[in-house]
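Here the structure is laid out as structure tokens; the discussion comes afterwards.
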Amino acid sequence: MNAVYLDHAATTPVREEVIEAMLPYFKDKFGNASSVYSFGREARKALDQARQTVAEVLNADFNEIVFTGGGSEADNLAIKGAAWEYRNKGRHLITSSIEHHAVLHPMQQLEREGFEVTYLPVDDQGLISVEELANAIREDTILVSIMHANNEIGVIEPIAQIGAITKERGVLFHTDAVQTVGVMDIDVKKLNVDLLSMSAHKFYGPKGVGALYVRKGVRLIPLIHGGSHESRRRAGTENVAGIVGLAKALELADAERSVVVPRIQRLRDRLIDGLLQIPHTRLNGSRTERLPNNVSVSIEFIEGESLLLNLDLKGIAASSGSACTSGSLDPSHVLMALGLTHEVAHGSLRLSLGRENTDAEIDYVLETLPPIVERLREMSPLFSS
Ligand SMILES: *Cc1c(COP(=O)(O)O)cnc(C)c1O
């Protein structure tokens, strides 16, 4: 068996068609989109086309798409950009305790700058309470940021419902949709969002390029000042090839979703059902409100890190939580927010599927993993069968 890649929530390979679409913009079409001569016009045309494609997939307008240097930058621009712009209206922000660090850390920075942040808890299924969120909105609340789906446990939050409330209360609403764009049907109007982040490398595009949807009328103070690129919202010579790649990857994902996603979801269900056969194993997060490609389980009496190393020796690439938390001794903030104990959270495993995974690979994982768990448990002082 070749290597089995099951860490698509961390990143995905760039599709061949995407590389093909990008190549001309490294070579003969290398122009700067701001130049007036034909090289520049060619680059400008490619950027315009990419922006149009992204806008159409999201049901947004051309001018509502801002290209960024990735998902983290899109999150930072949405949160800091809106907070700084509207700080005279109020200084209260609301988010959840399970956000990606690209949302939590800007929030913490804003707290150091004098803003106040409410971190909403989630229930044991990983879900935000819409009612609790509504109750947390104050006179001085200017922004709510809740992720569309969580990168560790795959739980899908009730974004459209939350958006209906923020709309009614006149509060801006941002969602980090980095895990859902390319996987779910995204319509910014149906989701009732003002700001939405995405990242190309999570849907088979290149790394280091992302986009932020900014609803018409929403103003942001830029993070990067310089030229008038991206309608003065993000200065810097555009990453033309990367942006072309993002749009191509999104277009392909959108066109193929109805065929690809049900197949991935079937593989996911096989994996979940198989893993739950292992004694003392539980699913992290809701089974139903769940990304079609996410498996996250806690396997008691083992160390997730040891399991990962053993799986790696068998050619299986997985994660024990978020890529950012691996390597640190603290269990992930997301698993702790679910109410897991330290011990249980340490035995967590995330398998995230993608379009190239096969039934044979799932068979291989389900044959390989249980004996490893058994062996690790035999070595554990805490375990007695
Ligand atoms: C990967 C990820 C990000 C960061 O995106 P980058 O493009 O890697 O900066 C932000 N939020 C979520 C939910 C993610 O999964």
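Structure summary
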| quantity | calculated |
| --- | --- |
| Selection count, region 376-385, where residues are of a type in the set (D, E, K, R) and either at positive phi or surrounded by 14 or more Cβ atoms within 10 Å (Cβ to Cβ) (or both) | 1 |
| Residues being in a loop (DSSP other than H, G, I, E, B), touching a residue at least 40 places away in the same chain (Cβ under 8 Å), of a type outside the set (D, E, K, R) and open to solvent by 30 Å² or more (accessible area, probe 1.4 Å) - total across region 286-323 | 2 |
| Some residue of region 182-195 being charged (D, E, K, R), under 20 Å from Ala255 (Cβ atoms) and within 13 Å of the chain's Cα centre (by Cα) | no |
| Hits in region 13-47 - residues which are in a helix (DSSP H, G or I), within 19 Å of Lys207 (Cα to Cα) and among the aliphatic types (A, V, I, L, M) | Val18, Ile19, Ala21, Met22, Leu23, Ala46, Leu47 |
| Conditions (1) assigned to a helix (DSSP H, G or I); (2) open to solvent by 30 Å² or more (accessible area, probe 1.4 Å); (3) touching a residue at least 40 places away in the same chain (Cβ under 8 Å): number failed by Ala249 | (2) |
| Pairs with Cβ under 9 Å, 6+ apart, first in region 5-18 and among the hydroxyl-bearing types (Ser, Thr, Tyr), second open to solvent by 20 Å² or more (accessible area, probe 1.4 Å) and not in a loop (DSSP other than H, G, I, E, B) | Tyr5/Ala317; Tyr5/Glu361; Thr11/His201; Thr11/Lys202; Thr12/Tyr5; Thr12/His201; Thr12/Lys202 |
| Boolean, Val155 is within 15 Å of the ligand (Cβ to nearest atom) and either open to solvent by 20 Å² or more (accessible area, probe 1.4 Å) or of a type in the set (Val, Ile, Thr) (or both) | yes |
| Matching residues, region 82-105, being out of contact with any Lys or Arg (no Cβ under 6 Å at 6 or more places or on another chain), away from the ligand (no atom under 16 Å from the Cβ) and part of a helix (DSSP H, G or I) | Ala82, Ala83, Trp84 |
| Meets criteria (more than 30 Å from Thr141 (Cα to Cα), surrounded by fewer than 17 Cβ atoms within 10 Å (Cβ to Cβ), at pLDDT 95 or above and within 26 Å of the chain's Cα centre (by Cα)) for Pro24 | no |
| Residue check, Ala235 part of a loop (DSSP other than H, G, I, E, B) and more than 19 Å from the chain's Cα centre (by Cα) | yes |
| Condition broken by Ala60, with the remaining ones in (1) aliphatic (A, V, I, L, M); (2) more than 16 Å from the ligand (Cβ to nearest atom); (3) under 20 Å from Gly208 (Cα atoms) satisfied | (3) |
| Selection status of Ile272, touching a Lys or Arg at 6+ places or on another chain (Cβ under 8 Å), in a loop (DSSP other than H, G, I, E, B) and surrounded by 15 or more Cβ atoms within 10 Å (Cβ to Cβ) | no |
| Arg257 open to solvent by 20 Å² or more (accessible area, probe 1.4 Å), at pLDDT 95 or above, of a type in the set (D, E, K, R) and in contact with a strand residue (DSSP E or B) (Cβ under 9 Å, 6 or more places away or on another chain) | yes |
| Failed condition for Gly70, given (1) in contact with a helix residue (DSSP H, G or I) (Cβ under 8 Å, 6 or more places away or on another chain); (2) away from the ligand (no atom under 16 Å from the Cβ) | (2) |
| Single residue of region 224-246 satisfying the filter (in contact with a helix residue (DSSP H, G or I) (Cβ under 8 Å, 6 or more places away or on another chain) and on the phi > 0 side of the Ramachandran plot) that is most open to solvent (accessible area, probe 1.4 Å) | Ser231 |
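Listed here are the residues, each with its yes/no results for (1) modelled with pLDDT under 95; (2) polar (S, T, N, Q); (3) open to solvent by 50 Å² or more (accessible area, probe 1.4 Å).
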{"site": "Val54", "(1), (2), (3)": "no, no, no"}
{"site": "Ser96", "(1), (2), (3)": "no, yes, no"}
{"site": "Glu99", "(1), (2), (3)": "no, no, no"}
{"site": "Gln125", "(1), (2), (3)": "no, yes, yes"}
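The values are calculated or read from the model by the stated rules, or taken from the named source; none is laboratory data. Remember, predicted model here, so these are calculated numbers, not experimental data. Neighbour counts are summed over all protein chains in view; Cβ atoms, including those assigned to glycine, are modelled from backbone coordinates with ideal geometry. Heavy atoms of the whole protein, side chains included, go into the accessibility calculation; ligands, DNA and RNA do not. Shrake-Rupley method; radii C 1.70, N 1.55, O 1.52, S 1.80 Å.
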